[in-house]
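Report on one structure; see the data block that follows.
The values are calculated or read from the model by the stated rules, or taken from the named source; none is laboratory data. Since the model is a prediction, treat every value here as computed from it, not as a measurement. Neighbour counts run over all protein chains shown; Cβ positions are idealised from the backbone, glycine included. Side chains included, ligands, DNA and RNA excluded: accessible areas come from the protein's heavy atoms. Shrake-Rupley method; radii C 1.70, N 1.55, O 1.52, S 1.80 Å.
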Amino acid sequence: MKQKIQTWNSWRAGVTRFSMAAIAAMTANSALAIKPGEYLPADASLVVHLDSINDLDDAHPVKRIGKHPGFAQVLETLTSGGQVDPDEVKSSFQEKLEAEFGLTPEEAVKLFPGSHTLAGYLDTEPILQRVAERGLSNGGAMDMNWNLILLSETTMTPERFRELLESSLAFAKERRPERNPELIPADGPSSFDFIEMKDGEESSTRFTLVDDLLLVEFGNVENDFSRSVNEYAGGEGDPAVSLASSRSFIDSMEYAEESGSDFFVFSPLGDLMRTVEAVVEAGLEQAQNQEGANPMLAMIPKDGAMTFLGLSNVDKFFMSGKTTPDGLDMVTEVNLAERTGLIGSIFSSYNLDQPVAYPALSTGAVEGVAVTSYDLPALLNGVLDKFNTLSPMLGGLVQMQLQQLTPKFGVDIQKDIIGSVGSEMVELYGYGEDNPTKESKPVTAYSLALADPQAFQASLGTLLEKLGMAPQTREFGGVTIYSVPKSAKLGQSLSNGGGDSLEYAFVGDSLLLSAGSADFTQKIITATNDPQSALSSDAFLTEPIIPADVPGTQIGVSHLQFPLFAKMIILSMTEGKDAKLDPDILSQLPTFEDLDFVIRSESKDTGEGIVSFIKLEPNP
């Protein structure tokens with residue numbers, strides 16, 4: 001039977017199998033330390049590295065989150081591919097180890113005393129070939145060919161390695177006989193493929209022991225990336241072409257080492273973005289050559305499309321984290337080589353002259369707030385201008401169509417709508433209910449600063465009326481609330497499937513938008529009209545996070561209560577045609593309210609990119 005390796009199935013099977021032992025050991029002190037750059041080729045697309053997380057008290061936030069039964073149940077559901085009985089869910093990886101391997105947590109720590117690296121490689125050639133054959137609109141670019149490899153330092157002997165794999169095989173045959181699990185010798189005496197049938201196709205994970213290093217491979221194990229990693233692990237790779245020779249990686253590692261990071265994530269986005277541009281270029285060429293192609297496509301030269309996007313300016317993404325006595329500190333950084341094209345407009349539209357501050361809003365009304373000093377008019381007008389770089393003919397056509405809309409709608413979109421918007425956006429997170437339960441779903445509202453509130457209000461009203469979408473109104477707290485029915489195209493596109501309408505109101509000099517929760521709209525209005533213990537004067541929330549010696553201009557601050565954050569992450573996996581979880585998953589889980597932590601962040605534009613400092617800590 002021809003084997004078809006699927007990355008998701010392989011990853012899911014591998015995580016629930018042998019690599020659990022490595023994860024279980026991550027709370028142990030590290031006696032060894034992988035230098036990931038020395039084991040990976042320079043074309044690695046993603047590196048996730050964990051040196052160690054020192055022994056933590058059971059009351060530590062990281063430990064409590066990791067052992068929370070709600071997350072254990074979600075993970076069990078994801079890795080089992082379906083619903084599970086909450087009473088049968090193991091509360092930790094350690095308990096799974098004993099069930100599947102007969103491996104105690106103490107032995108797991110001894111077997112994996114060092115660091116762990118997950119490396120990924122995105123094979124672009126099959127993507128480009130599919131796009132050339134099927135185009136962008138037919139899913140040609142969506143089938144990602146990821147190759148993932150987990151490298152873990154180990155003291156395991158070849159004999160113990162084989163014993164654990166055979167134990168896992170016996171467990172799989174007992175629990176999942178319909179998948180026909182097999183353990184097949186692979187490349188070398190200590191290399192095996194663990195194969196199971198999933199959805200009529202073979203899913204494979206390769207396990208290889210090389211001296212004091214365990215390699216767990218998911219995806220295509222026959223490509224150059226996989227061979228290179230195995231060569232480096234065996235001491236045969238060329239250091240001159242390893243990731244350790246990359247200047248971008250060296251800079252990131254210097255910061256990780258100086259800050260004493262426990263883990264980091266690195267991705268050289270430049271190569272990935274160039275791949276995206278190549279995919280777009282191939283898709284554009286395929287679309288232009290199709291019979292009956294849209295004549296407007298002929299106006300777009302391929303080099304103009306690449307200049308318009310400017311994706312290759314994105315240089316890298318880096319994140320590092322370090323446990324603290326009472327939480328976790330993280331830093332993220334996105335660097336750009338230049339700020340040109342569409343991506344340059346996005347990163348250059350922060351208003352560096354606009355001070356960032358929390359709103360005068362009662363703290364009890366919301367579970368989270370994110371404030372960004374973003375110059376939306378500059379961004380939108382910049383995007384319109386960029387159409388000229390895409391194609392002067394197309395740019396002229398866009399401008400002509402905008403001008404033709406003015407007499408039709410009685411509103412100049414650029415001047416009266418876009419031109420009336422200010423340069424601050426506030427995202428508000430919370431619940432419509434005053435006393436939310438574990439089943440309550442988070443809702444979101446947005447507050448957009450207006451440079452000319454009266455002009456914007458008049459123009460928006462005219463535009464909606466001309467579109468046949470005149471809103472219904474009601475009064476609350478001296479404020480008029482406008483509701484656009486969800487059946488209307490605008491309301492349907494913005495209400496995210498929740499509630500019956502999109503609501504908006506003019507509160508002070510801002511436009512308040514709430515998608516699907518009338519109660520949350522009213523809660524925000526009440527908290528604005530009579531702010532008690534206002535966010536703007538909260539000493540804890542307004543305490544700086546970024547060290548004073550980090551250059552740049554502040555562009556954003558945020559805070560989010562962890563229980564709500566947990567729900568948002570879980571609910572995101574219930575959406576779309578590829579949803580992994582039941583939409584009613586919250587009713588099946590224990591409450592997350594016992595995780596009384598908050599996530600705070602602060603961001604700066606450094607000139608080279610955007611840097612954010614993030615803290616997970618207990619609420620005061």
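Annotation note: of V398, V371, the sole residue that is of a type in the set (V, I, T) and modelled with pLDDT of 80 or more is V371. The condition (being over 26 Å from M330 (Cα atoms) and over 17 Å from the mean Cα position of the chain (by Cα)) is satisfied by just one residue among L581, L595, L535: L581.
Restricting the range 465-481 to residues that are in contact with a helix residue (DSSP H, G or I) (Cβ under 8 Å, 6 or more places away or on another chain) and free of Cβ contacts under 8 Å to residues at least 40 places away in the same chain, the residue that is most open to solvent (accessible area, probe 1.4 Å) is A470.
Selection of first residues in the range 367-391 that are under 15 Å from E602 (Cβ atoms) and of second residues that are assigned to a loop (DSSP other than H, G, I, E, B) and of a type in the set (F, W, Y), restricted to Cβ pairs under 7 Å at least 6 apart or on distinct chains, gives the following pairs, ordered by first then second residue: V369/Y358; V371/Y358. The residue list G468, G499 contains one member that is modelled with pLDDT under 85 and more than 26 Å from D416 (Cα to Cα), which is G499. Annotation note: Cβ proximity below 6 Å between a residue of the range 227-240 that is free of Cβ contacts under 8 Å to residues at least 12 places away in the same chain and a residue that is in a loop (DSSP other than H, G, I, E, B) (sequence gap 6+ or interchain) occurs for E231/G237. Residue count for the range 332-362 under the criterion of being under 30 Å from I524 (Cβ atoms) and either assigned to a loop (DSSP other than H, G, I, E, B) or open to solvent by 40 Å² or more (accessible area, probe 1.4 Å) (or both): the result is 14. Just wondering, is there one or more residues in the range 589-596 that are within 24 Å of P325 (Cβ to Cβ), open to solvent by less than 50 Å² (accessible area, probe 1.4 Å) and not β-branched (V, I, T)? Yes, the range 589-596 contains a residue that is within 24 Å of P325 (Cβ to Cβ), open to solvent by less than 50 Å² (accessible area, probe 1.4 Å) and not β-branched (V, I, T). All of (1) assigned to a helix (DSSP H, G or I); (2) closer than 16 Å to L40 by Cα; (3) modelled with pLDDT of 85 or more hold for E254 with one exception: (2). Taking the criterion of being buried (at least 19 other Cβ atoms within 10 Å of the Cβ) and among the polar types (S, T, N, Q), the only residue of the range 422-443 that qualifies is S423.
Note on the range 2-117: enclosed helices (runs of 4 or more DSSP H) holding 1 or more residues that are open to solvent by less than 50 Å² (accessible area, probe 1.4 Å) and modelled with pLDDT of 50 or more are 36-39, 61-66, 69-80, 93-101, 105-111. Residue selection: A278 fails the criterion of being over 24 Å from the mean Cα position of the chain (by Cα) and among the small types (G, A, S). The residue that is most open to solvent (accessible area, probe 1.4 Å), counting only those in the range 249-284 that are acidic (D, E) and touching a helix residue (DSSP H, G or I) at 6+ places or on another chain (Cβ under 7 Å), is E281. Residue check, L183 against (1) at pLDDT 90 or above; (2) under 21 Å from R227 (Cβ atoms); (3) open to solvent by less than 50 Å² (accessible area, probe 1.4 Å); (4) aliphatic (A, V, I, L, M), all met but one. Which one? Condition not satisfied by L183: (2). Among the residues of the range 423-450, just one is over 28 Å from the mean Cα position of the chain (by Cα) and part of a strand (DSSP E or B), namely L450.
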